[in-house]
Structure formats: C-alpha cells, structure tokens
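Heads up: the structure comes next, in structure tokens.
The values are calculated or read from the model by the stated rules, or taken from the named source; none is laboratory data. Just so it is clear, the model here is predicted, and its values are computed rather than measured. FYI the Cβ positions are ideal-geometry reconstructions off the backbone, even for glycines, and counts take in every protein chain you see. All accessible areas refer to the heavy atoms of the entire protein, side chains included, with ligands and DNA or RNA removed. Shrake-Rupley method; radii C 1.70, N 1.55, O 1.52, S 1.80 Å.
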Amino acid sequence: MLSTILLVTGLMSYFFYRVLNAPPKPEPDSYLDNDDEIERQAPRA
Amino acid sequence: MSANKESWGSRVGLILAMAGNAVGLGNFLRFPVQAVQNGGGAFIIPYLICFLVMGIPLLWIEWSMGRFGGKFGHHSTPFIVDTMHRNRLWKYIGVFGIWTNIAVASYYCYLESWTLSYVFHSIGGTFAGLDQNGVSAFFNEYVSLGESTFGIPYEPIVFFVICLLLNTWILSQGLAKGVERVAKIGMPLLILFGIFLAYKGFTITAGENGAINDSSVGLNFLWTPNFDELWSPSVWLAAAGQIFFTLSVGMGTIHCYASYVRSKDDIALNAMSAGWMNEFVEVVLGAAILIPISIGYLGVDGVTELVNSQGGLGLGFRTLPYLFYQWGDVLGAVAGVMWFGLLFFAGITSSLAMGTPWIGFLQDEFNWRRKPAAWSFGLIVLLLGMPTVLFFKYGVFDEYDYWAGTVSLVVFALFESILFAWVFGMNKGWREITSGADIQVPNFYKFIIKFVTPLLLLWVFIGSLITPKGGDWAGAFANGWELDDSSIINKIKNSSLKRQLAEATDPEVIQQLQDTLFFVNASRTLLVAVFLSIALLVYIAYKKRVREGRI
C-alpha cells in the first residue's frame, strides 16, 4: 500500500514539477496569459 | 471560416482542466469498490499495468490527434479523424466523440446535481438527526421525486436545472475564462477536501466516536493482495475498464481540449502530468475515504453487504452522510460539505469537458458563436436528461450509463487506436506525439501503441461482448460458453429482464418489469436517434465544406 501511494504521489509531483520548470517557448504559443511576457517574444526578423 | 478563436489561458490551467476532465465521481465511488471486488491490493497490479500499456498510450494518442486536428481548425472528433485519412467514413466514427459526451452529460449532470443538493443538505443539517436507515430512506425519497426537507417541490429537478444552468453559463464564458477558471478553483479545493477526508480515513480508532475498527482494518481490507485473483481475466477486464472510466479516454473530450494547443507546444509531458494527477486522486485519495471510513464504523461484513447491494454510489450517498455525524454535529456537517463538495468539483470539471466538443463542432462547422452554442448544449442535455430524472426507477439512467458511458468508450478507443497506429501510420503518429515534447518519450511506446494497446482494447471489447457466466472463463472454455447477463450480447437481448419477467408471479412486479422493459428499449431508441441526428449534422457540415471549397 505504502509503496503504491509513494510511487503515485512521487510520479505526480515529478511530472508537475517538470511542467512548472519547463523552458518557456517563444510566442506565439498556445496560452493567453504569457502573451505579453517580454522574454517570450520571438526575435523580429 | 470558423468562429472558433478560443485559447487556453495557461499551461497549468490546461493541465488542471484536463485532470479535472479525467477526475470524476468514479475516482471516489467506483475505484475503491472495483478494488474490493477484484482482489484488493492485487487489483492495483493489473490496474497500474493497464494504465502504463493502455491508459498512457491512449492519452498520448488523443492529445496528439486533437492537436493535429486543431492545426486544420477542427475542435471535435468527426473532422479531427477526417483529417487523418482520406476515407470519408472516418468522420462518422468520430460522431462517437460528440454523441458520447451529450448522452453521458445527460445523466452525469443529474448525478452532479445530487452532489450539489447534498452539499446544501449537509449545510442545512438534514442528516444530523437521522440514523443509517433514515439517511438511506432520504436518498430513496429524493430520487423518487418525493418531498424533501427543504420543502421544494420536485427538488431533484430543480437542482438538475440549476446544475445545468451553471454548466451552460460557465461553458458560455469560454475556455480560459470559464472552463479553465473553474478547474483552477475546483481542482485544488477537491484535493484539499480529499486530503482532509483521507486523513480522517487514516486515523479512525476503534472505540472512539462509535468506531468498531481501526482504520487499518479498512485499509487492509482494501489493500491486502489476493494474488489468486491476479490470473483471472475478469480482474484484468475490470482493471482495464476502470482505466477507461477514470481517464475519460474514448470520449472525445481530450481531443477537443488538445485541439487548442499549437503544434510547437508540448503534449507528451502535459498528458503525463494530467494522467498522474488523476491517478493520485484515485489511488491515494479515492482509496482512503469511502471504504476505510465505512469499515471503521460498520465492519467488514456490513460494508461487503452494502457494496454488493448498493455499490459505491449507494455507499457514498446512503451511508457516508450518517457516518460523518459520528464525529459530532459540526465536524459531521463540515465533512459532508467536503465530501459532496469534492464530488461536485469532480463532476463539474468533467461535465464541462463534455460540453466542449459539441460547442467546438457548432463553432467550426456552422459558425455559431460560443454563447448560443453553449446554451444549445444545455437545452439538449436538459431534454435528453429529463427521462433519467423522471424514469430513474425504470433503469433509464443505467441504460444511458451502460451504452454511452461504458460500451461506446471502448468502441471509439478501439477505432482511434487502429486509426492512429495503422491507418494514419505509426511513424507520423510518433512525430505528432514527440513534436515539441518537454520529455523524452520512451521508444518502446512505439511498439506498445502499435501492437499492445489495440490488442488490449480488442480483448476488452470481445471480453465485454461475450463475458462468460459468472466471469468464469476457465469454466466457459471447458464446459461450453454460457453468456453472463452483463455481456453486451445478453444486454442487447434484455436476457436478465426477460428471465425476471418469466419468473415473476406478483402482478405488481410483472407490471414494474414490463414498464422497465419498455423504458429500457425506449432509451436505446432515443440514444440511437441522437447518434443518427449527429451523423446527419456531420454529413450536412461535410457537404457545406465541399460547397465552400474547404475540402
């Protein structure tokens, strides 16, 4: 029981941590909230 | 040109919405009962294996199909699958991805409305003075549209309509401002409530507050592995079935949510994150509440009897409200609000997902704006849902659940796994899964998606189609195949009902069974009519596209 609970909790935390710490992708991306973040703007050609 | 210009607000919001879509009432009411009935701790082994070889592949398949279709401006499965192969018949397979959601929402919103009503009854202290039989009788009175303590005439219908209005209004606000906002509030609250109740489930002590067992008795009952069960095909079928229900795969909702993700953005990690969040809620929180608390107060034999007679739904609504009051009036009311509150959040985050494919379809194909599209969903669900409310005792609710919420998921998932791996092609499919991925997707999943997942799905389908009597597969192979009443074939033939009818002698019982038979057949006819109507709309949309030169 304990090993299953720890395994499932650990994997959930790990993947969520990976999401939170994934390198940002340049705009335009799929999400509205970061549209104005300066560091996400793709360099103009 | 599509009127659909929606977007998600944030990546975390998308994952919470996707996890909310997966987390439903089944996480708390169905999973623990399935575990108890299928080998306890041993059930978790086939369950997790099915998650790895069927659940995760299907999540990746559906996320990538959705994102692929989204590139072409499609946000519902008929035209998402249409983009994947030139055979024009595929879009009619995609009808499942709209039909299932409308049909499931019709009874699911009713169930959701019970949770909302029970939250208010917990606050109002309805269950405070009742014994176990009283709480159970209240439930019977409620679903038979009897009088409630609030004195509201036809209270279940009122709450059903309130629930539908709430769903429709949220859907009309759009993805980021409606669905995502609810997920961002609902999911953390659900987890918080779940942790509190799980803590109570873990800390019951015999002799305190009327408890007859320590929580360890309930937890051992649930988790002690019966390894003999591990070799039973029925247990594996149950595990595979549970993975379906819990992940909301085979419905078309994941495709729809993922169709708003751009092709350069990740889906592989998103799918893992949402999938494991659902597993956490189910395995860690879901397993720590219903069974341990019930056994703490009613004992193993009492709960086994209740599980067999009422299932998880009965235990959750007929028994838990009474048990919570063993902790005192205040904590009893608080626990009731938390329990039905978490069920409500689990329900609404799923029912909102069910509305999005229909709305996306109308926006894409008929240029409807979001608001009227959302209200049309509410109206259809109201009309289709009323029979489940009015004729609940005639099995209409169960009939919707069986065909739309069970069989249809397996059928659509089987088709889409074949389409993705064999028709669209595994190489193209793999590129779709890994494109923009923020994690390294293990290469052996190529093999699993191509061979293991479709074969497993085929086995689940055939296993459900011809389930042998009593789930005794070895006996069926040795002594001839007698179908169980739960098999799809015997369901179609109404074998169980007809046998009961043949054996009945009491005129009242005979009348009740005849009425049930009528409503069962009428429900099926209605569901088929809805499917055909959506297929007709898809055909009209296709012709419109041809006229406009979009195909």
Assess whether B:GLY13 counts as being within 14 Å of chain A (Cβ to nearest Cβ), closer than 30 Å to B:PHE340 by Cβ and modelled with pLDDT of 95 or more.
-> yes
Complete set of residues in the range B:143-174 that are more than 25 Å from B:THR356 (Cβ to Cβ) and either open to solvent by 50 Å² or more (accessible area, probe 1.4 Å) or of a type in the set (Lys, Arg) (or both) | B:SER144, B:GLU147, B:THR149, B:PHE150, B:GLY151, B:ILE152, B:PRO153, B:TYR154, B:VAL158
Restricting the search to the range B:263-276, which residues are open to solvent by 10 Å² or more (accessible area, probe 1.4 Å) and touching a residue at least 60 places away in the same chain (Cβ under 8 Å)?
-> B:SER263, B:LYS264, B:MET272
Enumeration of residues in the range B:281-296 that are surrounded by 24 or more Cβ atoms within 10 Å (Cβ to Cβ) and at the interface with chain A (Cβ under 7 Å from one of its Cβ atoms) | B:VAL283
Please give the number of the condition B:ASP472 fails out of (1) at pLDDT below 90; (2) under 26 Å from B:PHE412 (Cβ atoms).
-> (2)
Among the helices (runs of 4 or more DSSP H) confined wholly to the range B:197-262, which include 2 or more residues that are open to solvent by 50 Å² or more (accessible area, probe 1.4 Å)?
-> B:215-223, B:233-247
Quickly run through chain A and pick out the residues that are more than 7 Å from chain B (Cβ to nearest Cβ), outside any loop (DSSP other than H, G, I, E, B), open to solvent by 40 Å² or more (accessible area, probe 1.4 Å) and not charged (D, E, K, R).
-> A:LEU2, A:SER3, A:LEU6, A:LEU7, A:SER13, A:TYR14, A:TYR17, A:LEU20, A:ILE38, A:GLN41
If we scan the range B:425-440, do we find a residue that is surrounded by 16 or more Cβ atoms within 10 Å (Cβ to Cβ) and within 21 Å of B:PRO46 (Cα to Cα)?
-> no
For residues that are open to solvent by 20 Å² or more (accessible area, probe 1.4 Å) and part of a helix (DSSP H, G or I), scanning just the range B:17-42, find the one that is nearest to B:PHE193 (Cα to Cα).
-> B:GLY26
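Got at least one residue in the range B:145-166 being in contact with a Gly (Cβ under 6 Å, 6 or more places away or on another chain), part of a helix (DSSP H, G or I) and modelled with pLDDT under 95? Steps first, answer last, please.
Residues of the range B:145-166 in contact with a Gly (Cβ under 6 Å, 6 or more places away or on another chain): B:164.
Narrowing further to those that are part of a helix (DSSP H, G or I): B:164.
This time we only want the ones that are modelled with pLDDT under 95, so: none.
No, there is no match, as no residue in the range B:145-166 is in contact with a Gly (Cβ under 6 Å, 6 or more places away or on another chain), part of a helix (DSSP H, G or I) and modelled with pLDDT under 95.
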Would you please name the residue that is farthest from B:ALA271 (Cα to Cα), looking only at residues in the range B:422-443 that are without any contact (Cβ under 8 Å) to a residue 40 or more places away in the chain and under 29 Å from the mean Cα position of the chain (by Cα)?
-> B:TRP422
What are the residue pairs meeting all of these: first residue in the range B:360-376, first residue on the phi < 0 side of the Ramachandran plot, second residue part of a helix (DSSP H, G or I) and of a type in the set (Val, Ile, Thr), Cβ atoms under 7 Å, and 6 or more apart or on different chains?
-> B:PHE361/B:ILE98; B:ARG370/B:ILE359; B:ALA373/B:ILE359; B:ALA374/B:THR168; B:ALA374/B:ILE359; B:TRP375/B:THR168
Of the residues in the range B:108-131, those that are more than 11 Å from B:GLY336 (Cα to Cα) and without any contact (Cβ under 8 Å) to a residue 60 or more places away in the chain come to B:SER113, B:SER117, B:GLY129
Among the candidates B:PHE28, B:PHE43, which residue alone is in contact (Cβ under 8 Å) with a residue 12 or more places away in the chain, within 30 Å of B:ASP228 (Cα to Cα) and away from chain A (no Cβ under 12 Å)?
-> B:PHE28
What helices (runs of 4 or more DSSP H) completely inside the range B:485-551 contain at least 2 residues that are among the acidic types (Asp, Glu) and surrounded by fewer than 17 Cβ atoms within 10 Å (Cβ to Cβ)?
-> B:507-547
